[in-house]
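Here the structure comes first, spelled out in structure tokens, and everything after it is commentary.
The values are calculated or read from the model by the stated rules, or taken from the named source; none is laboratory data. In this text the structure is predicted, and so the values were computed from the model without any measurement. Here Cβ is always computed from backbone atoms with ideal geometry, including for glycine, and neighbour counts include all displayed protein chains. Protein only, heavy atoms only, side chains kept; ligands, DNA and RNA dropped before computing areas. Shrake-Rupley method; radii C 1.70, N 1.55, O 1.52, S 1.80 Å.
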Amino acid sequence: KFTPHLACQVVTSKEKWAAMPPAVAADVFVTNHDSVRWLADWKAPGRWAICIDEFTVYKHRTSQRSKAIAALRKHFDVRWLLSGTPNSNGICDVWHPAFLCDDGARLGKQFWGFRSQVCTPESSGPGGQFTVWKDKPHAQAVVADRLKDITFRVKFEDCLDVPENVMRHMSVDLPKKLMLQYKQLAREAALEHDSGMLITAIHAGAKAQKLLQLCSGALYDGEGGYKVFDTSRTDLTLELVQQREHSVVAFNWRHQRDLLCAGADAMGITYGVIDGTVPVKERNVLVERYQNGQLQTMFCHPQSAGHGLTFTRGTATIWPSPTSNAEHFQQFNRRIYRAGQTQRTETICIAANDTREKDVYERLNDKLDRMDELLSMIVNLSATVH
């Protein structure tokens, strides 16, 4: 679109790459993150540049695709890596992307050495059997200083004139019966459904997850299904959807998706669903229908719809339940608040009073603040370099 003088080829599978005639020439080849696994043996003549969008997909150095891109990097003299969420889980997220960029010149060639410099080990779990690495107080400042000469930040709001996005937190009370059930589950790690089925949480982590699920109205029964306890959260979400011409809704669990779809059907709300079960072609059709105004809302899992999709027809992003994943949260909110948006937008976050949902949002905000702090530090330090 912006460089029509450059020839471009989209190659998203090994078969397409192999079937491409040798005579086909291009200045730019576009592929996806997982393609590096079959491109790892590629031998490129001449001088090449690589641009990796959303580089956090390679933050785990031991994943197959991270190992593949690490092997592939040597073929590229020029390397660009882009992300708006570089350290969503902690400063260690930055090490492998930085290694891909400069071969370890700034943060070191060994992850273990880097981690020992910027993190402190803490015991966790029953009997202290697990080790959790916590960022040291000045870890972000150290990393920002080392990366300042190869990093710059471009803020969305500074580049485009787009109407503002407003963050809105809705505090609600759980229905009386559901709150009693919530307290029982928190106290006893077990809860009986009206059907007579007893649902238990086998450890603290499972209990925390089930408490969040219960706030949204259902619990998984350990047999692959779930039991519905309450639909008030679904009812509230669909009420917000009905009040708006077009919106997008994030769901965290299958039961949320099912309850939202059933409720929308009963209310005559037109919708589409995007999650890991929806093929790419069908997803593209749904996006087009939504953008054409044929669908009032989209129910999406943020991991499946957090990158690359445009829902600028919408004016509201609704979170019926909180997510602890800062990257998913920030990226999914940008589906409507992006280039092409002509209306004022809002992000609505729902949480129940006196529940763990409030705690999840607090931790999420801490992660978002940490990411913004690192980027701001780099910008300020870069100003002294460039």
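What to note about this one:
- Between Asp27 and Asp221, the contour length at 0.36 nm per residue exceeds the Cα-Cα span by 64.5 nm.
- For the Cα trace of the stretch 26-118, dividing Rg by the Kirkwood Rh returns an Rg/Rh value of 0.96.
- Cα shape, the stretch 100-171, gyration tensor, a/c 1.5 rule: oblate
- Spin-label pair Thr131/Arg73, simplified geometry with 7 Å Cα→Cβ offset, distance in nm: 2.4
- When the square roots of the Cα gyration tensor eigenvalues are ordered a ≥ b ≥ c, the ratio a/c for the stretch 265-386 is 1.5 or more and a/b does not exceed b/c, which makes its shape oblate.
- Take Trp112: with every protein chain present and a 1.4 Å probe, its accessible area is about 140 Å².
- Largest accessible area first, the listed residues Glu54, Glu373, Glu245, Glu362 line up as Glu245, Glu362, Glu373, Glu54 when surface is computed with a 1.4 Å probe on the assembled protein chains.
- Solvent-accessible ranking of His203, His307, largest area first, probe 1.4 Å: His203, His307
- Per-pair calculated FRET efficiency, R0 = 41 Å: Arg244 and Val10 via Cβ, rounded to 0.05: 0.75
- In this structure Thr310 has an accessible area near 40 Å², from a 1.4 Å probe over the protein heavy atoms.
- Between Ser123 and Gln294, the distance separating the two model label sites (each 7 Å from Cα on the Cα→Cβ line) works out to 6.1 nm.
- Ordered from highest to lowest accessible area with the whole protein assembly present and a 1.4 Å probe, Val154, Val360, Val57 read as Val154, Val57, Val360.
- Estimated at 0.36 nm per residue, the fully extended path between Gln110 and Gln209 surpasses their Cα-Cα distance by 32.2 nm.
- Simple Cβ-charge dipole of the chain, Lys/Arg +1 and Asp/Glu -1, about Cα centre, in debye nearest 20: 980
- Rounded FRET efficiency, nearest 0.05, which uses the C-beta distance separating Asp158 from Asn284 and R0 of 51 Å: 0.95
- Answer label for log10 I(q)/I(0) by the Debye sum over Cα atoms at q = 0.07, 0.08, 0.12, 0.14 Å⁻¹ (calculated), chosen among [x] -0.39, -0.51, -1.13, -1.39; [y] -0.32, -0.42, -0.94, -1.22; [z] -0.50, -0.61, -0.93, -1.10: [x]
- Accessible surface of the stretch 109-210 [probe 1.4 Å, protein heavy atoms]: carbon and sulfur percent: 53
- Table column - 3J(HN,Hα) (Hz), the stretch 185-194, Karplus curve with 6.51, -1.76, 1.60, x for Gly and Pro: 5, 5, 7, 10, 6, 7, 8, 9, 7, 4
- With 0.36 nm allotted per residue and the present C-alpha distance subtracted, the Thr231-Gln343 stretch has 37.2 nm of extension available.
- Taking amide H as placed 1.01 Å from N in the peptide plane, Thr347 has its amide H under 5 Å from the amide H of Val166, Met167, Arg168, Thr317, each at least 5 places away in sequence or on another chain.
- Heavy-atom accessible area for His328, with the other protein chains in place and a 1.4 Å probe, reaches approximately 40 Å².
- Close amide H partners of Ile52, meaning residues 5 or more places away or on another chain with modelled amide H under 5 Å apart, are Trp80, Leu81, Leu82.
- Taking amide H positions as modeled 1.01 Å from N, with prolines and chain starts lacking one, the residues under 5 Å from Val249 and 5 or more places away or on another chain are Met298, Phe299, Cys300, Ile318.
- ³J(HN,Hα) computed for each position of the stretch 111-122 - Karplus, 6.51 cos²θ - 1.76 cosθ + 1.60, integer Hz, glycine/proline x: 4, 4, x, 4, 4, 5, 7, 10, 10, 10, x, 9
- Between the C-alpha center of the stretch 302-355 and that of the stretch 23-91 there is a gap of 27 Å.
- Secondary structure note: in the chain, about 30% of the DSSP beta bridges are antiparallel.
- Local electrostatic count at Ala98 - Lys and Arg +1, Asp and Glu -1, tallied over other residues with Cβ under 9 Å: +1
- In order through the stretch 278-289: 3J(HN,Hα) via Karplus (6.51 cos²θ - 1.76 cosθ + 1.60), integer Hz, x for Gly, Pro: 9, x, 4, 4, 5, 4, 4, 5, 5, 4, 5, 4
- Based on DSSP H segments of at least four residues, each scored -39500 (n - 2.57), the chain has a per-residue ellipticity at 222 nm of -11500 deg cm²/dmol.
- Probing with 1.4 Å while keeping every protein chain in the model, the per residue accessible area of the chain equals 53 Å².
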